Structure formats: C-alpha cells, structure tokens
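To start, the structure itself, in structure tokens.
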Amino acid sequence: MSYKKVLKEFKKRKILVIGDLILDRYIWGKVNRISPEAPVPIVEVTNENFLLGGASNVAHNIAALGGRVTLVGVAGNDRGGEILRKMLSEEDIECGGIFWSSRPTTVKTRVIAHSQQMVRFDREERARVEGKVLKNLIDYIQAEIPKHDAVVISDYRKGVISSDLVREVLRKTRPRGVFVAVDPKVGHFHCYKNVSLITPNVAEASTASGIEIRDDKSLLRAGNTLLRKIPCEAVLITRGEQGMSLFRKGKVVHIPTVAKNVYDVTGAGDTVIATFTLAHAAGADMTESAVIANHAAGIVVGEVGTAVVTPEELYASLQRSNGSRS
C-alpha cells in the first residue's frame, strides 16, 4: 500500500486513546547572572505556555494527522484541568471520556533558558484510580470500543492504567480483532499481556526483559524475550539516534532514524505510537506503520517542547526518503 494512500485514509479512521492525561507547562526565559542567595542561575521569565502531554499528546498527534480521536482519562477540578479541557476542545478532540475528580491534574512544569531545560517540577497524584471513577472509565471504554478502529493505551504510571482496566479493554477488543497498542511504563509490563503492540524505548525494554541492551546481539535477545513474556504480536523498540527495531515472531526489522536535528525528545514516544496506530488502522502493515512512525518522530524531535506532525510534513519526509533511496 502506498504511503500517499495510507495518509489519505487517516481522516476516515477513529482511534480510542486511554491513559494518563498530562498538562505540560513551559516557562521560557534567559539567564544572565547567578543568584547571590545560592549558586543557581536566575531565569528572567520572558514567556509561558501550555502544551498537551501524556495521553493528551497522543490524542493531539492523531488529530493533527487528520484522524478522529476520543480521549479517555482522569483530570482534576482545578486550573490545570480547566486549561486541559479548553485546549482539547480547541483541537477538536472528543472529551466525553474524561472524568473529573478531586485528585490534581498532572502538570509538568519545565523551565527553559536559551533552548536548554534548566529544571522540571511535577504536580501529580500517582495513586491508582479505583472505585466509582474506575467503573465509569471501564463502562465508557466498553461502550466506545465498537465505534473505533483501534485503541491506544498511553501509560505514564499516574494511576489510570491497571491490570483490571487493560483486561476489560481486551475483553471487548479481542473478539472483534481490534488493534490495541501500548506505550508502556516500567513496573507495569505485567499488565499488557495479549495486546497487539508495545512500544518501549531501550531503557524500558532492557528493564522489562532483564537483558541490558548494549549491542545488536543483546537487542535481539531483549526484543524476542519481550515477545514471549508479554506475549504480544509485536514489539517496537525505539532507539533514539539509532532508529527503531520492530520484532515479530521469527522476524525483526531495523529502521534507521531520519532525524536531522535533535533538539528535544519530549513527547516523541507519543508521536510514535499515535502515528503507528493510525497508519495501521489506515491499512499499512506493521513494517510500513513503523517506517511512517519513524518519520513522524524524526520531525517532532527537531522542535523544542511537545510537538505534533501534519500529514503534509509527514508525506514530504517520506518523499525525501524515497528520493534519496532511488
């Protein structure tokens, strides 16, 4: 299937995104002196803005690529929650699955001076979501799955994703053959058994497999070990400047990076799983989906802060790559 045809199909596909909602706050400034109170730089603030993070960023990536998306998660009845709701509405992201609670909205604040992150501080509650809120989440998810072409589980280990929730997702998706992709978190790999795809980075794959990835040999062992341990149809290990490696039973495909400049890897994993899932739902096979996702990631790491990709940018990148190969 041609990449052009796949990208045209994006707008016909609807993806259900379930996970931890995060609001990324950026404080921008410049440093010209050191504090007399302590040996730390003084940041003179010049600007402040908010971006969608976590599962919210996955949904934003799908919407930016032209796909339709429904977001499911939990946010607080606070200023962060208000900002999050407004931003999601502006991006035309369906928010009927966001349940509001007394727990604070997860907000990650990054202070950046001269394009360099100085410090990050987080406001969050990581306790597992239970009781009525969990029941509401599961009931909503089960009702929505038949209306969607694929499911993404975005796990940032902030309390939404649990074995119980994943089990209920699979109970509804497996009989229908619905594709379920998971962006995993260390400590939760036991929750993901029988999903379609997991997309760990090298550090996560090393920890989950028990094999430190140092070279091609250890990479192969780790990837195949994860296929057996989860088990799942495919494992896509993202490897930074070395690209990605897609593992399926008896087969591995290495995909070199296409990034020319790397300024910020924040949110790149969100872009990978969003693009892969949308591409696969649009008719691309797993290898084609990984290639498309690799190009999307190569674009966003060239921006500072969480970023998204448009279909035009993605197609142009794929075209440049095809031209260089020919």
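The values are calculated or read from the model by the stated rules, or taken from the named source; none is laboratory data. In this text the structure is predicted, and so the values were computed from the model without any measurement. Positions of Cβ are backbone-derived with ideal geometry, glycine not excepted, and every protein chain shown enters the neighbour counts.
Annotation note: of E48, E82, E44, E125, the sole residue that is assigned to a loop (DSSP other than H, G, I, E, B) and acidic (D, E) is E125. In the set N224, N194, only one residue is on the phi > 0 side of the Ramachandran plot and either outside any loop (DSSP other than H, G, I, E, B) or at pLDDT 95 or above (or both); that residue is N194. Of all the residues in region 83-129, those that are free of Cβ contacts under 8 Å to residues at least 12 places away in the same chain and within 19 Å of I18 (Cα to Cα) number 2. Take region 85-115 and flag every residue that is aliphatic (A, V, I, L, M) and assigned to a strand (DSSP E or B). Matches in region 85-115: I98, V107, V111, I112, A113. Looking across region 150-169, just one residue is closer than 25 Å to S245 by Cα and surrounded by fewer than 19 Cβ atoms within 10 Å (Cβ to Cβ), and that is R157. Residues of region 171-203 that are under 21 Å from T257 (Cα atoms), touching a helix residue (DSSP H, G or I) at 6+ places or on another chain (Cβ under 9 Å) and surrounded by fewer than 24 Cβ atoms within 10 Å (Cβ to Cβ): N201, V202.
In region 35-59, which residues are under 16 Å from M118 (Cα atoms), of a type outside the set (A, V, I, L, M, F, W, C) and either in contact with a helix residue (DSSP H, G or I) (Cβ under 8 Å, 6 or more places away or on another chain) or without any contact (Cβ under 8 Å) to a residue 12 or more places away in the chain (or both)? Selection gives S35, P39.
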